[in-house]
Structures are given as structure tokens and as C-alpha cells.
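Notes follow the structure.
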């Protein structure tokens, strides 16, 4: 028995707070000593009158005795039971509340209110149908006006530097008119509060989509920036992140180049916008250079003078800026000398001109007996005696090495410069491709150039 009492006491202590929380609301305050049948009847009439005006309490009955209110019957919603307690506790003169109401679980009975609600909503929809049609019509008219303005080409040609930016302007205008049409329709229906929820949902969806298509959005923004501030023009020879080629076109997604071998290079605009771009065509004058190793035993000043005079005598080398020659460094067996000159690359093939200048300068130095030696290595053998080389002579006989004097080399003649005119092959290929797909190009002469 003591063990049983302890278990009962423990259960009461543990369940006490929960029971107190779930206990129905009861009246508070001092209980009056004056209570009669008239007071009970007044309380009964008051409570019955109140619940008669509320939905869901048609099967509930009320009895009052000595200020104690007793509810009985059935309701369809469990929350309605607690509402009865709260309602009775607020009536003056109620001493206590006994709530014996239960929740009705019959399927047929519970479906009747649902059908009634559906019927009410259908009737409400039919009543609002004319107003809804007016709201939809007004919204569609506003949206149609926006699309009509967007299809009007004249203003966008003046405002936008190219077709791509014009399309963006049109898209923004359409979006603004669509939003205005929705606002007008909701305002007619007196439901503009819905717009706040729609904008909030659109913001969340837009944020999620933005993270999902971050690279696409970055590429789109880069396309807009490149089309507004164009760092190159069609047929410009550029180098972008190590990729060399002539610009064919700028599209909404990529920059198309044609490399010197005639191959297409497609670079994403996001990469182009952030990359280091070398534009070789922006300035017509371009400097070429090459290095030659000079024999340390020769006159370096004379070699410099010959090289400079040779470069100045070439027709394709510009006089302003003048050619330059200087000693770069002293190596193990040669003195490195650098030669520089400027050409007009709009009329001269740069690579051919550089090669011709190298060939002619080497020939001039050779005629002046300025040595252009290959790297020389000295072999130092130490030991008991001199090294012995056992090699056959030209006849195949073993014996000493025979040194024969070579015939004197003929006097080199001054070479004539070859044609270094600019090669227009790549330029013609680019022009042909641009004519075929001119509508896809975002490069425009009217746009500012960086």
C-alpha cells in the first residue's frame, strides 16, 4: 500500500501542471450569497441567446442551477467546446461551469457544413464574376499597351546603342506594364493586399533562381556592359586570356574570334569582361624586336651602328619612332644585342616584317665580318698527358688527323627586302561572316569605345 500511495502521489505531481493547463476556464471572484431562480433563468436566457447567434452550437443545450452552468450536446469542432467555457465565464453571476459537450464524429453530419461552405463560395464567385471580368479586362488592356509600346522601334533605336540594349529596354517596359496591369486588376477587386504577398513570394523565388543560375546572370550582365563600353571593334586583332584572334562579333552570350589559323574561338562574355585584353589593332604603329648573339671579340659599337643603319634603310620600318639597338647582356660565349623597329601594321604584315628585318640585319652583320657565333663550350681534360684522338681520315685509314684548308666562302650579297604588305585573308573572312549574320552582332560604331 505505501508503494501504491507513492506512485499515485508521483503521478499527481507530474500530471498536475498539465491538468491545470488543460482545465477549462472557470469564473473567478467572490460568490454572492443572493441567488434565486430568477437569476438562474436570466443567466440561462443570456447564454442561450448568445450561442443561438453563433454557428456550430445548434445541438448544445444550457441548464443553470444555483449559478452553475451545465453544457451538454455535440459540436463539430473541438475548439468550439473551449469557446463555450470562455463565453460562460464572462457572464455575470456564473459560479461554475460544467462542460459535457462532445465532438460529433459522424461523417454525414461533418460533411454538411463543408458542402454549405462550398456552396457559399460558389455563390460568392458567381456574384463577383462580372467584377472579376472587368478587372481582368482592364489589366489586359494595360499589358497590351505596354507590349504595343515595346514593339515600336523608333524610340529604341535612338535611346539604345545597339539591338541588344534595345531588347533589354523593351523587356523592362513589358515587365513594368505587366506589373501595372496586375495592380489595376487587384485595385478594382479591392484586393491590393494580395500584391504584398505576391511580391514577397516573387522575391524569394527570384533569390533562389538567382543562386541557381548565377553564372548565366553574370554572363548576361557582362554582355550588357561589353555592349555599352566596347573594348574592341570588328576585325580588331585582340588577345584575351592567351587566345589570339580577330573579332568577328559580340553576341548576347559570347565573343566570337577568328584565330590566325582560321579557327573560331568562342569566349563567354563573363570571361571577356574580367580578362586582360590586348588590342593590337587600336594603334596602327606597332613595335617588333629580336635578339642576336654577337662575338665578344668583335666591335660591339660597329655592330650596333650597322644594325641601326640597316633598320633605318628598310622601307617598311618607320622613321618616327626611330629604330633602336642596344646591348642587353653578356653571356658565356656571346654578347646579346637587341634590335627594335616600328611598322604600320595597317599596311604591313607584322610577322613578315619582323622576319625580313631579322634576315637582313643578320646578312649585314655577316658582310661586315661581325661574328654571330653559336654557344661555345671549353672542355678541360686533366690527367697524365695530352688527350689522344683516334679518328679515321677521309680515306678510312688510321693515322693522324689531316687538316685541310677549306675553300674561301663567297662574299655575301646584300639581300633585297621581300614583300611585307599586310595579309588581308583573315580580314576578308571576318567581313564575310559578319555579312552573313549581321543581325546577331552587338558591336556598333555608335557605342562609346574604351
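The values are calculated or read from the model by the stated rules, or taken from the named source; none is laboratory data. Model, not experiment: these values are computed from the prediction. Note that we place each Cβ from the backbone using ideal geometry, even for glycine, and neighbour counts take in every protein chain shown.
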Item to complete: Have a look at 232, 177, 220, 211 and point out the one that is closer than 30 Å to residue 443 by Cα and at pLDDT below 75.
Response: 211
Item to complete: Could you tell me whether any residue of region 129-149 is free of Cβ contacts under 8 Å to residues at least 12 places away in the same chain and outside the structural domain of residue 167 (by TED's automatic domain parsing)?
Response: no
Response to the item:
Checked 191, 123 against criteria (without any contact (Cβ under 8 Å) to a residue 40 or more places away in the chain, loosely packed, with under 14 Cβ neighbours inside 10 Å and assigned to a loop (DSSP other than H, G, I, E, B)); the one match is 191
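Determine which member of the set 360, 426 is within 17 Å of residue 292 (Cα to Cα) and either outside any loop (DSSP other than H, G, I, E, B) or at pLDDT below 60 (or both).
Residue meeting the stated conditions: 360.
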Worksheet item: Right, residue 43: in contact with a helix residue (DSSP H, G or I) (Cβ under 9 Å, 6 or more places away or on another chain) and under 16 Å from residue 26 (Cα atoms) or not?
Response: yes
Practice prompt. Kindly indicate whether any position in region 140-154 is modelled with pLDDT under 80, exposed (fewer than 14 other Cβ atoms within 10 Å of the Cβ) and assigned to a helix (DSSP H, G or I).
Written response: yes
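Conditions tested, residue by residue: (1) loosely packed, with under 14 Cβ neighbours inside 10 Å; (2) touching a strand residue (DSSP E or B) at 6+ places or on another chain (Cβ under 9 Å); (3) modelled with pLDDT under 90.
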| position | (1), (2), (3) |
| --- | --- |
| 249 | no, yes, yes |
| 253 | no, yes, yes |
| 257 | no, yes, no |
| 287 | no, yes, no |
| 326 | yes, yes, no |
| 341 | no, yes, no |
Worksheet item: If we keep just the residues of region 78-92 that are closer than 15 Å to residue 49 by Cα and in contact with a strand residue (DSSP E or B) (Cβ under 6 Å, 6 or more places away or on another chain), which is surrounded by the most Cβ atoms within 10 Å (Cβ to Cβ)?
Response: 88
Fill in: Unmet requirement for residue 346, which otherwise passes all of (1) at pLDDT 80 or above; (2) closer than 27 Å to residue 300 by Cα; (3) not in a strand (DSSP E or B)
(2)
